[in-house]
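The values are calculated or read from the model by the stated rules, or taken from the named source; none is laboratory data. Computed from a prediction, not measured in an experiment: that's the story for all the values here. Cβ: placed from backbone, ideal geometry, glycine included. Neighbour counts: every protein chain shown. The protein model used for the area step is the full one, side chains on, heavy atoms only, and it has no ligands, DNA or RNA in it. Shrake-Rupley method; radii C 1.70, N 1.55, O 1.52, S 1.80 Å.
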Amino acid sequence: AVAAAIAFPSGGAAPEAKALEAAAAARDGASELDLVANLGAIRAGAWEVVEAEARAVRAACPGLLTKWIVEQDALDAEELRRAVDAIAAGGGDFVKNATGTGPGGATVAGIRALRALAGTLGVKASGGIRARDQALALLGAGADRIGTSATAAILGTLDRVREPAPGRAAEGAR
């Protein structure tokens, strides 16, 4: 899958601008979109703007998977709940905790809280994920996906399974 970042990192674009940017990304081959929800609208309690941007992108790109970034660590519990509700009402597919450029990052407690709010939406954990045990803990807390720039390091720590010679058991298999 090819993913494109939309309105990164502030999310301050108008719903119509996000829809145009998303449609251009789709024309260029994106099958998934990581979109930054309008943090200013969230902090101002303008839930209709957050829902409108999700609806506008869904209308412009009906077949693409949308992952909406909410910068969880910049929000209080009520802002987070209302943002997730607005994204769901607008047709979003996932909520993502962070851009990786804002305050904080993925924590087990934060992902557990986001999962509790997300309902049928998927949850993507992102921000500061550098180790296999951390990624596994976030998946255990309710993340459906992990976003990391340390994929090679994380995968490099996994046990490798070699194909067995005929008549032998696999080495390293667990």
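Measure off 7 Å from each Cα along the Cα-to-Cβ vector at residue 48 and residue 120, then give the distance between these two points in nanometres to one decimal.
Spacing of the two 7 Å Cα→Cβ label points: 2.6 nm.
Going by alpha carbons, how many degrees (0 to 90, nearest 10) lie between the helix axis of 47-60 and the longest principal axis of the chain?
In the chain, helix 47-60 runs at an angle near 70 degrees to the longest axis.
If you count only protein heavy atoms and use a 1.4 Å probe, how large is the accessible surface of residue 50, to the nearest 10 Å²?
Solvent-accessible area, nearest 10 Å²: 0 Å².
Ignoring everything except DSSP H segments at least 4 long, calculate the 222 nm mean residue ellipticity for the chain; use -39,500 (n - 2.57) per segment, divide by total residues, nearest 500.
Numbers: 7 runs with 72 residues, N = 174.
That calculation yields -12500 deg cm²/dmol at 222 nm.
Multiply the residue separation of residue 5 and residue 27 by 0.36 nm, subtract the distance between their alpha-carbon atoms, and state the gained length in nm to one decimal. Present the calculation step by step, with values, prior to reporting the outcome.
On the way: separation 22, 0.36 × 22 = 7.92 nm, distance 1.40 nm.
Between residue 5 and residue 27, full extension yields an extra 6.5 nm.
What is the helix-to-structure angle for 77-89, meaning the angle in degrees between its Cα long axis and the longest Cα principal axis of the chain, kept from 0 to 90 and rounded to the nearest 10?
Compared with the principal axis, the helix lies near 90 degrees.
Residue-wise, which Karplus ³J(HN,Hα) couplings in Hz belong to region 122-130, taking 6.51 cos²θ - 1.76 cosθ + 1.60, θ = phi - 60°, and x for glycine or proline?
Result, rounded to whole Hz: x, 10, 10, 9, 8, x, x, 8, 10.
Can you pull the semi-axes for the chain, root of five times each eigenvalue of the Cα gyration tensor, sorted largest first, whole Å?
Details: eigenvalues 218, 73, 35 Å².
In descending order, the three semi-axes are 33, 19, 13 Å.
Any idea what the dipole of the chain comes to, in debye rounded to 20, about its Cα centre with Lys/Arg Cβ at +1 and Asp/Glu Cβ at -1?
Details: 19 positive and 20 negative charges, 120 e Å.
Approximately 580 debye in magnitude.
Under 5 Å between amide hydrogens, which residues at least 5 positions from residue 122 or on another chain qualify, with H placed 1.01 Å from N in the peptide plane?
Under 5 Å from the amide H of residue 122 lie the amide H atoms of 94, 95, each far enough along the sequence or on another chain.
When the chain is fully extended, how far beyond the present Cα-Cα distance does residue 132 get from residue 81, taking 0.36 nm per residue of separation? Write down the numbers at each step before the final one.
Working: separation 51, 0.36 × 51 = 18.36 nm, distance 2.89 nm.
Working it through step by step, the gained length comes to 15.5 nm.
Compute the angle between helix 108-118 and the longest alpha-carbon principal axis of the chain, please, reported from 0 to 90 degrees and rounded to the nearest 10.
Compared with the principal axis, the helix lies near 50 degrees.
Keeping every protein chain in place, order 151, 101 by accessible area at 1.4 Å, biggest value first, i.e. largest first.
On the way: 151 65, 101 90 Å².
Greatest to least solvent exposure: 101, 151.
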